[in-house]
1. Sort 183, 303 so the one with the fewest other Cβ atoms within 10 Å of its own Cβ comes first.
2. Taking the Cβ of residue 330 as the centre, find all other residues whose Cβ is under 12 Å away and add up their charges (Lys, Arg: +1; Asp, Glu: -1).
3. Over the chain, with a Gaussian network built from C-alpha contacts below 10 Å, which listed residue (196, 136, 213) shows the highest mean-square fluctuation?
4. To two decimal places, what compactness ratio does the stretch 261-321 give when its Cα radius of gyration is scaled by 2.2 N^0.38 Å?
5. Taking N as the number of residues in the stretch 249-373, what is its Cα Rg relative to 2.2 N^0.38 Å?
6. Rg over Rh of the stretch 1-128, using C-alpha atoms and the Kirkwood radius, what does it come to?
7. Can you list residues whose amide H is under 5 Å from residue 7's amide H, if they're 5+ apart or on another chain and H is modeled 1.01 Å from N?
8. Test of understanding: in a Gaussian network model of the chain with alpha carbons linked when under 10 Å, which of 274, 18, 110 would top the mean-square fluctuation ranking?
Amino acid sequence: MFGRPIEIIEILGFKIRIDPSWFVVAVLVSWNFASTAFPAQFPDLPQATYVWMAAAVAAGYFLSVLFHELSHALVARTYGVEMRGITLFFFGGFTEIPGEPPSPEAELVIAAAGPGASFGLALGLAGLGLVGSAAGLVDPAVGVLFYLSGLNGVLTLLSLVPAFPLDGGRILRALLWGWRKDLSWATRVAAGMGSGLGLLLIGLGVVAILNGGFYPGFMTFLMGLFVRNAANGSYQQLLLRRALAGEPVSRFMHPDPVTVPRAISVMELVQSYIYRYHYKMFPVVDDSGRLLGCVTSRQVRNLPRDEWDRQSVGALAERCTPENTVEADTDAMEALARMSRTGAAGLMVVEGDRLLGILSLKDLLRFFSVKMELGDKG
């Protein structure tokens with residue numbers, strides 16, 4: 001939403017990432033709890049108590065969202081659906097699925113797993129709060145448990161709103177898919193409802209801000225922006241997957257890429273290659289033409305200017321790894337997912353240590369755009 005997600009841990013084989021938006025919203029929510037909500041409900045406590053209560057709620061809600069998304073991922077795994085990872089937002093999260101569920105029934109069960117887990121967690125936390133209260137647990141700790149129970153209840157209800165890509169929208173898509181046997185149509189309808197809900201939330205947020213309710217208005221605006229972008233992006237992703245699936249990267253690669261000798265300086269790279277060809281990535285080769293790796297404009301930008309004359313391209317180059325290379329017969333959608341995951345604008349197409357060509361993100365998206373103009377949705 002606000003930038004490239006940050007990978008923090010791997011759980012049960014799933015890579016867990018945090019979108020930078022989480023940090024922004026977490027600070028705003030924690031500040032609101034510490035300065036307003038908790039002092040109103042638990043008066044005359046030290047300010048430090050309100051701060052740790054707010055931090056506990058923020059951390060607990062983060063773990064609750066993680067539990068919600070892991071439930072989706074684990075159920076999806078039982079259906080044989082590949083899961084690449086989980087990205088968390090403060091409003092929720094999403095599981096990275098490179099393909100589509102195998103059937104409407106699988107989509108329905110996978111989508112329902114998250115709300116079911118959150119509802120169960122809400123009941124469990126409420127029960128702990130009641131037990132803690134009866135056992136004489138201090139009010140702040142009991143209050144945190146009840147707040148987290150309420151937040152999980154809200155998460156359950158919000159996730160069931162029938163607007164894609166929310167879980168309720170996925171349940172709706174599963175039902176429509178099962179009815180019409182047309183995944184594209186079902187996704188278009190459910191995503192349209194998601195986009196409409198996003199616009200409504202954005203409008204309500206603006207109205208609230210204009211009427212003096214900055215905090216609730218800003219949060220509503222952010223949620224609307226997230227829902228609308230996610231809905232539109234999810235439908236475009238389906239169309240993109242349909243357009244590229246089964247196509248080898250050899251169809252899209254440039255077979256005669258511009259290569260850079262490892263011995264030249266970074267200054268010569270800038271003057272003779274970057275300024276001349278305007279590419280963001282160049283393959284680096286040795287004297288015999290063997291591929292050594294690649295050098296990017298980002299690496300050059302991060303190198304101090306006074307080092308450009310002294311540093312060689314070979315010393316700066318990133319070595320060949322699965323993150324920056326791909327084989328010619330690799331599915332184009334797999335290559336696109338890899339570029340999206342790493343933030344790369346291109347990949348080197350290789351056979352052993354031999355460079356076959358360059359696959360660029362721009363060429364993949366141009367192919368998709370042409371297919372859409374022709375009305376060919378795969």
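Bear in mind that the values in this text are calculations on the coordinates, not laboratory data. From a predicted model like this one, the values you see are computed outputs, not experimental measurements. We place every Cβ from the backbone using ideal geometry, glycine too, and count neighbours over all the protein chains shown.
1. 303, 183
2. Summing Lys and Arg as +1 and Asp and Glu as -1 gives -4.
3. Highest fluctuation of the listed residues: 136.
4. Working it through for the stretch 261-321, the quotient is 1.01.
5. The stretch 249-373 yields a ratio of 1.07.
6. Radius of gyration over Kirkwood radius for the stretch 1-128 works out to 1.05.
7. Answer set, sorted by chain and number: 18.
8. 274
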